[in-house]
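Notes to accompany the following structure.
The values are calculated or read from the model by the stated rules, or taken from the named source; none is laboratory data. Just so it is clear, the structure is predicted and the values come from calculations on it, not from any experiment. Note that each Cβ is placed from the backbone with ideal geometry, even for glycine, and that neighbours are counted across all protein chains shown.
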Amino acid sequence: MKHDSRLSSVLHALLHMADHDGPMTSEVLAQCLGTNPVVVRRTMGLLREAGLVTSDRGHAGGWRISADLSAVTLRQLHEALGEPAIFALGNRNERPQCLVEQSVNAALDGAFAEAEALLLERFEGITLATLADDFARRHKAWRFRKGETDA
C-alpha cells in the first residue's frame, strides 16, 4: 500500500529551514529528505502559493519560511498540499448496485468521515512552532547525552 508522505516530508524540510540561518537550496533540502531536488521544488512551489515560503534566486538563493511558525498549523500544510487523502482505506466500489455493498459503504463512509474530521481537528492544534520546540528539546538532550555543552 502506497502512503502519501508529503506532509511528513514538508514538516521535515520546514524544520530544517527553521533551524538554518538563511535560505536553503532545493539540492540541500533534497539531501535532508533523501529525495530529488525536483520533488522539493514542486512541493515548495505549493507552499509558496499558500504564502508559507518564499524563494530567492541567484548564487545565495534558496527557500526560506515566510510565515510565523506559531501561526502555521499542520492543517494549513495539509491544505496547501492539495488535501491528499487521509486514509489509504476505501470502498471497493463507490456506486454499487448491490444493497449489501451499499450498506457496507454507508457504514465505512460514516466512520471514515468521523475519523478524518477528528484528525484534521488535531492537525489544527499543532503548529510548526510546537514541532520546532520539540526538535530543540530533543537536540539539546541528544547533545547532553553525547557530552556536548553550550560553550
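Let's see how each residue does on (1) assigned to a helix (DSSP H, G or I); (2) in contact (Cβ under 8 Å) with a residue 24 or more places away in the chain; (3) β-branched (V, I, T):
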position: M44; (1), (2), (3): yes, yes, no
position: A60; (1), (2), (3): no, yes, no
position: E79; (1), (2), (3): yes, yes, no
position: A88; (1), (2), (3): no, yes, no
position: Q102; (1), (2), (3): yes, no, no
position: G147; (1), (2), (3): no, no, no
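Looking only at region 104-151, residues that are touching a helix residue (DSSP H, G or I) at 6+ places or on another chain (Cβ under 9 Å) and among the small types (G, A, S) come to 3 in all. Of the residues making up region 1-39, those that are in contact (Cβ under 8 Å) with a residue 40 or more places away in the chain, within 15 Å of the chain's Cα centre (by Cα) and outside any helix (DSSP H, G or I) are H3, D4.
Out of everything in region 62-77 that is part of a loop (DSSP other than H, G, I, E, B) and not polar (S, T, N, Q), what residue ends up being nearest to S5 (Cα to Cα)? Top of the filtered list is V72.
Yes/no matrix, rows are residues, columns are (1) crowded, with 16+ Cβ neighbours inside 10 Å; (2) within 13 Å of the chain's Cα centre (by Cα); (3) not basic (K, R):
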| position | (1), (2), (3) |
| --- | --- |
| E49 | no, no, yes |
| L52 | yes, yes, yes |
| D56 | no, no, yes |
| Q76 | yes, yes, yes |
| G82 | no, yes, yes |
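Exactly one residue out of E116, E83 is over 21 Å from L29 (Cα atoms), in a helix (DSSP H, G or I), at pLDDT below 95 and not β-branched (V, I, T), and it is E116. Here are the criteria: (1) among the polar types (S, T, N, Q); (2) more than 26 Å from H3 (Cβ to Cβ); (3) not in a helix (DSSP H, G or I). Tell me which single one N93 does not satisfy. Here N93 clears every test but (2).
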